[in-house]
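Since the structure comes first, as structure tokens, the remarks are kept for the end.
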Amino acid sequence: MQIISVENITKRFGNITAVDGITFGVEENSIFGFLGPNGAGKTTTISILCTLLDPTSGKAFLNGHDCSTESDAVRKSIGIVFQDSSLDKDLTARENLTFHARLYRVARAERKQRVEAALEFAGLQDRADDLIKKFSGGMKRRLEVARGLIHRPKVLFLDEPTLGLDPQSRAGLWEFITELPKKHEITIFMTTHYMEEAEVCDQIAIIDKGKIIASGTPQSLKKLVGGDVIYLRTSDNTKAADTLQKLFGLEAAEKDGEIFISTPRGDSCIPSIIREIGDTVLSVRMQRPTLNDVFLKLTGKAIREEIQTAGNDVKETVRSYRRRHDRG
Amino acid sequence: MIEANAVYVIVARELKKFVRERTRLVSTIARPLVWLFLVGGGMSRMIPASDGISYMQFIFPGILGMTILFSSIFSSISIIWDKEFGFMKEILVAPISRFSIVVGKATSGMVLSTLQAVVILAFYPLLGLKIGLAEVAGIILVSAILSFAISSLGIVLASFYDSYESFSVIMNFIVMPMFFLSGAMYPVKLMPDVLRFFTKINPLTYGIDAIKHLSLPQGAGVMGTDFPFLLDLAVILASAVIFVTVGGKSFERKG
């Protein structure tokens, strides 16, 4: 069953089109990754699904409710962890959680127990009565995820959940996030521009300049760029290349003293190669395509580099437009 | 639609934070006392008492108005902080109506400002004022209505700004003129026509005038009241309704 369905949504801010006719669906209890560079339209799409923005045209449904006309029903079904922390820094962890539980009308009888469970879940029981001011970035994110789950939503939105975290906290947070669908029967909708983090997703949609340019499982997307690449260093590269051509029909090219071949299933190919020309091989390594390569292939640009700056320009324009036009 | 749970949690949060911030507590109480005793005390040596009212007694209602003005605006301007630091998003995506958020914020401002006005009000015996119990209750009620109106005005102002640089703009171009053009420091009767016009469109003027009715001896010449008591009440009640409605509208807009 599809818990989210987006039908041909467009969102314009003045003459900037932040989201340009996108359509996609998200399966219940899966992890859905919405990828793209800064300014591609990820946050705008999330804001529409979270009822914070109305689309210029098109429809979005979440848990069977229309995101622009049934905002209350949609809001009850979702939890959100924003890019920037939305905790009250002058309150304690427990107070932030209690505030949330009351806001979402968690019954009094259950409130205390759910707050305690959330603290335990975030691993913050011993810091429950400390002000958020004193928390590290990783602790705040864990608390925000736990807070987003207090009212038992159907969908949890995570907008760049690991932005600004150190590698150790990032790894910890992912471990924590990937367990959620099984433990809580919840769908995760996440955005990120760290491609390697998207490997945990069941389904991925890649968005660039407001349009979805590819979607599928991480594996199927990686097939788009061809297969694995095997690099060999041998005592006689020319001879090895000839043999590979003759025996396997593999086209080998040479670069920096190594020959490399492209093949869909590198892992099962290596043993046969070694069997045939093993005595001449000095070293062998294999590279799997990454989602970064997918992005590179689809857009002709790497996700993190120069387009980042261009994307930030769009982002700034949209922000200043919203500053002028939406008071709220 | 107003959800009671939303109003309650928003007010509870503001109260909790207010009690926790000792410096804010001290400074909001200290400011009116400094004005009352240092400015009022100094000026009363130059300005003779008229019709049995000393200058310090005359400015007492104005100082209560000042306490309410600053505290209410400050309380509502915290919306800008909430936007800047992200907490507003947590409230905006909750399943509650925008109007509840506005009523919650205005009620927080009302509770905090009225509490502070009560603290300042407790100084009246030191000024030689004789105020009966019914009048004290009346002053507290007027303070509550006025606080709600000005807090709602603050919400409307806050909806136009989203960075804290705008705070000084609001303070210098709206709050200070509102204070000086309210009959707090000098009688409205003595003002030139132009200034009197601005005084008459300022809701704070009517709140302070209502408190003058309840705290100063009646029929007291130039230092006495400027408008009928019922008009004062009508204006502050109407401002409360108008500002909270406009505040609600300004929050309901989506991008």
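Go through A:Leu244, A:Leu282, A:Leu296, A:Leu250 for me and flag whichever is at pLDDT 80 or above and either surrounded by 13 or more Cβ atoms within 10 Å (Cβ to Cβ) or small (Gly, Ala, Ser) (or both).
Within the list A:Leu244, A:Leu282, A:Leu296, A:Leu250, the selection yields A:Leu244.
How many residues are more than 13 Å from chain B (Cβ to nearest Cβ) and either on the phi > 0 side of the Ramachandran plot or not basic (Lys, Arg) (or both) when one looks only at segment A:90-129? Before you say what the answer is, go through the steps one by one.
Taking segment A:90-129 as the starting set, the residues that turn out to be more than 13 Å from chain B (Cβ to nearest Cβ) are A:93, A:109-110, A:112-128.
If we keep only those that are either on the phi > 0 side of the Ramachandran plot or not basic (Lys, Arg) (or both) as well, we get A:93, A:109-110, A:113, A:115-126, A:128.
Matching residues across segment A:90-129 total 17.
Just so you know, in segment B:84-116 the residues that are in contact with a Gly (Cβ under 8 Å, 6 or more places away or on another chain) and facing another protein chain (nearest Cβ under 9 Å) include one that is nearest to B:Met176 (Cα to Cα), and it is B:Arg98. Do any helices (runs of 4 or more DSSP H) lying entirely in segment B:185-255 carry at least 2 residues that are of a type outside the set (A, V, I, L, M, F, W, C) and either touching a Cys at 6+ places or on another chain (Cβ under 7 Å) or touching a residue at least 60 places away in the same chain (Cβ under 8 Å) (or both), and which ones are they? It comes to B:203-215, B:229-252. In the set B:Ala158, B:Ala184, which member is under 29 Å from B:Val103 (Cβ atoms), buried (at least 21 other Cβ atoms within 10 Å of the Cβ), within 14 Å of chain A (Cβ to nearest Cβ) and out of contact with any strand residue (DSSP E or B) (no Cβ under 7 Å at 6 or more places or on another chain)? Only one candidate passes the filter, namely B:Ala158. Checking each residue in segment A:58-91 for being surrounded by 21 or more Cβ atoms within 10 Å (Cβ to Cβ) and in a strand (DSSP E or B) picks out A:Ala60, A:Leu62, A:Ile78, A:Gly79, A:Ile80, A:Val81. Comparison of A:Val26, A:Val19, A:Val74 shows that the only residue that is in contact (Cβ under 8 Å) with a residue 60 or more places away in the chain, on the phi < 0 side of the Ramachandran plot, within 14 Å of chain B (Cβ to nearest Cβ) and not acidic (Asp, Glu) is A:Val19.
Within segment A:99-110, can you find the residues that are over 16 Å from A:Gly79 (Cβ atoms) and part of a helix (DSSP H, G or I)? Let's see the steps before the verdict.
Pass one, segment A:99-110, residues over 16 Å from A:Gly79 (Cβ atoms): A:107-110.
Of everything in segment A:99-110, those that are over 16 Å from A:Gly79 (Cβ atoms) and part of a helix (DSSP H, G or I) turn out to be A:Arg108, A:Ala109, A:Glu110.
Selection of first residues in segment B:92-120 that are part of a helix (DSSP H, G or I) and of second residues that are of a type in the set (Phe, Trp, Tyr) and modelled with pLDDT under 95, restricted to Cβ pairs under 8 Å at least 6 apart or on distinct chains, gives the following pairs, ordered by first then second residue: B:Arg98/B:Phe251; B:Phe99/B:Phe251; B:Ile101/B:Phe251; B:Val102/B:Phe251; B:Gly104/B:Tyr8; B:Leu112/B:Phe18. For segment B:1-17, the set of residues classified as under 20 Å from B:Ser152 (Cα atoms) and either within 10 Å of chain A (Cβ to nearest Cβ) or part of a loop (DSSP other than H, G, I, E, B) (or both) consists of B:Met1, B:Ile2, B:Glu3, B:Asn5, B:Ala6, B:Tyr8, B:Val9, B:Ile10, B:Ala12, B:Arg13, B:Lys17, listed by residue number.
Here B:Trp81 meets each of (1) within 14 Å of chain A (Cβ to nearest Cβ); (2) buried (at least 19 other Cβ atoms within 10 Å of the Cβ); (3) in contact (Cβ under 8 Å) with a residue 60 or more places away in the chain; (4) part of a helix (DSSP H, G or I) with one exception, condition (2).
Summed over segment A:254-300, the residues that are outside any helix (DSSP H, G or I), farther than 30 Å from A:Leu35 by Cβ and under 38 Å from the mean Cα position of the chain (by Cα) give a count of 7.
Screening B:Arg24, B:Arg45, B:Arg31 for residues that are more than 13 Å from chain A (Cβ to nearest Cβ), among the charged types (D, E, K, R), in a helix (DSSP H, G or I) and touching a helix residue (DSSP H, G or I) at 6+ places or on another chain (Cβ under 9 Å) leaves exactly one candidate, B:Arg31. Pairing each residue of segment B:152-179 that is closer than 21 Å to B:Val244 by Cα and free of Cβ contacts under 8 Å to residues at least 12 places away in the same chain with any residue that is assigned to a helix (DSSP H, G or I) and among the acidic types (Asp, Glu), provided the two are 6+ apart or on different chains, yields no C-beta distance under 6 Å.
Any residue that is within 17 Å of B:Ser239 (Cα to Cα), assigned to a helix (DSSP H, G or I) and either among the hydrophobic types (A, V, I, L, M, F, W, C) or within 17 Å of the chain's Cα centre (by Cα) (or both) - is there at least one of those in segment B:133-142? Yes, segment B:133-142 contains a residue that is within 17 Å of B:Ser239 (Cα to Cα), assigned to a helix (DSSP H, G or I) and either among the hydrophobic types (A, V, I, L, M, F, W, C) or within 17 Å of the chain's Cα centre (by Cα) (or both). Answer yes if at least one residue in segment A:210-225 is without any contact (Cβ under 8 Å) to a residue 12 or more places away in the chain, part of a helix (DSSP H, G or I), out of contact with any Asp or Glu (no Cβ under 6 Å at 6 or more places or on another chain) and over 17 Å from A:Ala118 (Cβ atoms), and no otherwise. Scanning segment A:210-225, I find at least one residue that is without any contact (Cβ under 8 Å) to a residue 12 or more places away in the chain, part of a helix (DSSP H, G or I), out of contact with any Asp or Glu (no Cβ under 6 Å at 6 or more places or on another chain) and over 17 Å from A:Ala118 (Cβ atoms), so the answer is yes.
The values are calculated or read from the model by the stated rules, or taken from the named source; none is laboratory data. For clarity, every value in this text was computed on a predicted model and none was experimentally measured. Every residue, glycine as well, gets a Cβ built from its backbone with ideal geometry; the counts of neighbours run over all protein chains shown.
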